Amino acid sequence: MFLLIGGAGCQAEAPVGDPQNVTSRLVTLLQDSSPDVRRTAALSLGKIGNSAATTALVRALSDPDSQVREYSAWALGQIGEDVNDGAAVSLAGALGDAHYSVKQAAAQALGKIGPRQPVIAILTQALVVGESGSRRAVVEALAQLEAKSAYPVLRKALTDPDPAVRQGALAALGELGDRRILPDFRERLLFDADPGVRTEAAYRLGKLGDPGDHGELQTLDEAARNDASPGVRLWAEWARTHIGPVVP
């Protein structure tokens with residue numbers, strides 16, 4: 001008997017039965033010569049979510065087929081907090097994969113398994129030395145993990161040459177909820193060259209800003225009136241309204 005399931009952007013058929021026995025059979029199929037079989041096995045293991053598949057899925061992060069690697073990362077995320085620290089470190093390593101879809105799946109999986117100190121250390125290092133695609137995946141993972149220890153490296157990433165990394169760093173810092181970063185948000189809103197970064201900064205000021213801070217309200221007013229991007233002006237006005245009037 002088979003049940004149609006969805007996952008990682010496509011569909012696969014997963015056998016229905018005792019989870020332990022089915023997991024064991026699927027783990028074997030992860031080494032099949034056919035990439036299609038290995039992909040289906042990885043997706044099915046993710047749907048079952050049995051931690052007994054962890055070791056095999058970690059091995060599959062090195063599979064020659066990029067989709068097998070992507071689906072294996074996704075499956076580890078579906079196992080969630082039952083994933084051990086060693087597997088979490090391997091997922092962090094997958095942020096350096098040559099294929100962005102694998103990096104993204106690994107980032108999302110790390111968010112689901114929760115913060116682990118060895119992983120945070122790897123992510124913060126990768127944000128400094130990794131290539132552009134890896135840095136994008138790292139800030140996405142850190143945004144989900146809400147790791148306060150990453151504050152200094154995320155703040156530094158606000159000047160990253162890649163605008164997607166800067167925008168991701170703004171989002172991650174916003175999720176931390178630390179108001180020390182608000183002056184940096186104002187600077188990004190007024191002076192960043194990328195409209196996506198400025199939009200993110202406006203949104204985060206609206207979420208985190210202090211209605212009693214004249215500097216924040218003035219920054220938002222200026223952006224709402226003068227920014228070259230209609231989208232930035234719209235979000236600056238939203239943020240200005242969202243944080244409310246000046247408190248006497």
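The values are calculated or read from the model by the stated rules, or taken from the named source; none is laboratory data. In this text, all values refer to a predicted model and were calculated from it rather than measured experimentally. We place every Cβ from the backbone using ideal geometry, glycine too, and count neighbours over all the protein chains shown. Quick note on the areas: whole protein, heavy atoms, side chains included, nothing else; ligands and nucleic acids left out. Shrake-Rupley method; radii C 1.70, N 1.55, O 1.52, S 1.80 Å.
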Sorted by accessible area with a 1.4 angstrom probe, largest first, how do PHE185, PHE191 fall? PHE191, PHE185
Multiply the residue separation of LYS207 and SER34 by 0.36 nm, subtract the distance between their alpha-carbon atoms, and state the gained length in nm to one decimal. 57.4 nm
Using the alpha carbons of the chain, what is the convex hull volume per residue in cubic angstrom, as a whole number? 133 Å³
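Taking the inverse of the average 1/r across all pairs of different Cα atoms in the range 163-204, what Kirkwood radius in Å do you get?
On the way: mean 1/r = 0.1020 Å⁻¹.
Computed over the range 163-204, the radius equals 9.8 Å.
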For TYR100 and HIS214, what is the calculated FRET efficiency with R₀ set at 35 Å and r taken between the beta-carbons, to the nearest 0.05? 0.25
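What does the convex hull of the alpha-carbon atoms of the range 162-238 project to on average, in nm²? Mind showing how you got there, number by number?
Numbers: hull surface 17.3 nm².
Projected over every direction and averaged, the Cα hull of the range 162-238 covers 4.3 nm².
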If N is the number of residues in the range 36-133, what value comes out of its Cα radius of gyration divided by 2.2 N^0.38 Å? 0.97
Expressed as a whole percentage, what fraction of the accessible surface of the chain belongs to carbon and sulfur atoms when a 1.4 Å probe is rolled over the protein heavy atoms? 51 percent
Using a 1.4 angstrom probe, figure out how much accessible area the range 149-213 has per residue, in square angstrom, rounded to the nearest whole. 41 Å²
Compute and list, largest first, the equivalent-ellipsoid semi-axes of the range 89-199 from the alpha carbon gyration tensor, each √(5λ) rounded to a whole angstrom. 22, 15, 11
How much length, in nm to one decimal, is gained on full extension between ARG225 and LYS148, taken as 0.36 nm per residue of separation minus their Cα-Cα distance? 24.3 nm
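If R0 is 25 Å, what FRET efficiency do you get for ASN84 and LYS156 from their C-beta distance, rounded to 0.05? Please list the in-between numbers first.
Values: r = 31 Å, r/R0 = 1.22.
It comes to 0.25.
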Interchain or long-range residues, amide H under 5 Å from ASP65's placed H: none
Excluding residues fewer than 8 places away in the same chain, name every one of the lysines whose C-alpha is closer than 26 Å to that of LYS47. LYS103, LYS112
For helix 117-129, report the angle its Cα long axis makes with the longest principal axis of the Cα atoms of the chain; keep it between 0 and 90° and round to the nearest 10°. 60 degrees
